Amino acid sequence: MTEPLPRFLVFEGIDGSGTTTQCRLIAERLRARGHRVVETREPSPGAVGRLTRELLADDPERPRSVDPACLALLFAADRLEHLRREILPALDDGQIVLCDRYVVSSWVYQSLDCDPQWVRAINREARWPDLTFVFDLPAEVGLARVASRRAQTDEAVERFDLPATQRRLAAGYAEVLARGPSEGLRDLVRVDASASIEAVGEAIFAELLRRGL
């Protein structure tokens with residue numbers, strides 16, 4: 001029996017790992033093959049996502065303290081709203097959806113300060129992706145990339161941008177990859193994000209071609 005084509009594709013990784021760049025580039029290549037593609041991200045562009053992103057910003061002129069559990073619930077709420085507003089309608093219409101960050105990001109980021117099993121529980125209703133590319137990158141490399149990017153833009157500093165935090169996040173993604181098979185996680189694909197943009201893109205696209213896209 002032929003496996004269905006993967007149409008809900010997610011890109012996961014620490015800041016600076018290249019998920020946003022690859023989401024855009026892979027979308028372009030899929031469109032060139034005749035696919036209809038939706039590009040999206042989390043936190044989403046919706047109302048709950050905009051609030052979540054605002055609370056993530058670290059503005060020294062407007063200091064705020066957001067309870068980690070509250071933030072985890074906001075991410076989960078945004079995810080369900082995002083699914084119903086954008087992702088599921090696109091999938092039902094036969095389109096391919098590429099999402100920059102999704103459930104695994106909550107598992108890794110929100111589990112820094114909250115019980116990991118609780119974080120998984122509040123995200124249990126989210127549809128699991130057909131394919132998740134996990135970008136594996138040393139924290140120091142990601143931090144250097146983010147610093148270079150921030151020097152050229154007005155990008156806000158966020159609460160997770162501390163070096164020690166990024167190291168914990170990189171370890172969290174590595175743990176998800178290591179434990180995935182034993183936990184029955186379907187279709188997690190490791191990406192060597194330390195390679196060039198071109199090499200990373202080729203590796204991802206080769207996997208998509210192998211799966212029939």
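If the condition is being farther than 25 Å from Ile96 by Cβ and either part of a helix (DSSP H, G or I) or not acidic (Asp, Glu) (or both), then the range 107-136 contributes Tyr109, Gln110, Ser111, Leu112, Cys114, Pro116, Gln117, Trp118, Val119, Arg120, Ala121, Ile122.
Would you confirm, using the coordinates I've provided, whether Arg150 is more than 14 Å from the chain's Cα centre (by Cα), closer than 25 Å to Leu51 by Cα and of a type in the set (Lys, Arg)? When the stated conditions are applied, Arg150 passes them.
Residues of the range 190-213 that are among the aliphatic types (A, V, I, L, M) and surrounded by fewer than 16 Cβ atoms within 10 Å (Cβ to Cβ): Ala195, Ile197, Ala199, Ala206, Leu209. Checking each residue in the range 21-55 for being under 17 Å from Val108 (Cβ atoms) and modelled with pLDDT of 95 or more picks out Arg41, Glu42, Pro43. Gly212 satisfies every condition listed in (1) under 30 Å from Gly34 (Cβ atoms); (2) of a type outside the set (Phe, Trp, Tyr); (3) outside any loop (DSSP other than H, G, I, E, B) except (3). Do we have any residue at all in the range 65-78 that's of a type in the set (Ser, Thr, Tyr), at pLDDT 95 or above and surrounded by fewer than 19 Cβ atoms within 10 Å (Cβ to Cβ)? No; the residues of the range 65-78 include none that is of a type in the set (Ser, Thr, Tyr), at pLDDT 95 or above and surrounded by fewer than 19 Cβ atoms within 10 Å (Cβ to Cβ). Condition check: under 15 Å from the mean Cα position of the chain (by Cα) and among the aliphatic types (A, V, I, L, M). Does Val108 satisfy that? The answer is yes for Val108. Considering the range 6-35, the residues that are in contact with a Lys or Arg (Cβ under 7 Å, 6 or more places away or on another chain) and part of a loop (DSSP other than H, G, I, E, B) include one that is farthest from Leu88 (Cα to Cα), namely Gly16.
Is the range 63-75 home to any residue that is under 26 Å from Pro6 (Cβ atoms) and in a helix (DSSP H, G or I)? Quick ask: steps written out before the conclusion?
Of the range 63-75, the ones under 26 Å from Pro6 (Cβ atoms) are 75.
Narrowing the set further to residues that are in a helix (DSSP H, G or I) leaves 75.
Yes; the residues of the range 63-75 include at least one that is under 26 Å from Pro6 (Cβ atoms) and in a helix (DSSP H, G or I).
Filtering the range 139-191 to residues that are among the β-branched types (Val, Ile, Thr) and touching a residue at least 40 places away in the same chain (Cβ under 8 Å) leaves Val141, Val146, Val157, Thr165, Val176, Val189, Val191.
Taken over the range 94-126, the residue count meeting the criterion of being without any contact (Cβ under 8 Å) to a residue 40 or more places away in the chain and either of a type in the set (D, E, K, R) or touching a strand residue (DSSP E or B) at 6+ places or on another chain (Cβ under 7 Å) (or both) is 3. Residues in the range 158-195 that are closer than 24 Å to Val119 by Cβ, of a type outside the set (D, E, K, R) and part of a loop (DSSP other than H, G, I, E, B) were compared, and the one that is modelled with the highest pLDDT is Ala193. On inspection, Val48 fails the criterion of being of a type in the set (A, V, I, L, M, F, W, C) and part of a strand (DSSP E or B).
The values are calculated or read from the model by the stated rules, or taken from the named source; none is laboratory data. Everything quoted here is computed from the prediction, not taken from an experiment. Cβ: placed from backbone, ideal geometry, glycine included. Neighbour counts: every protein chain shown.
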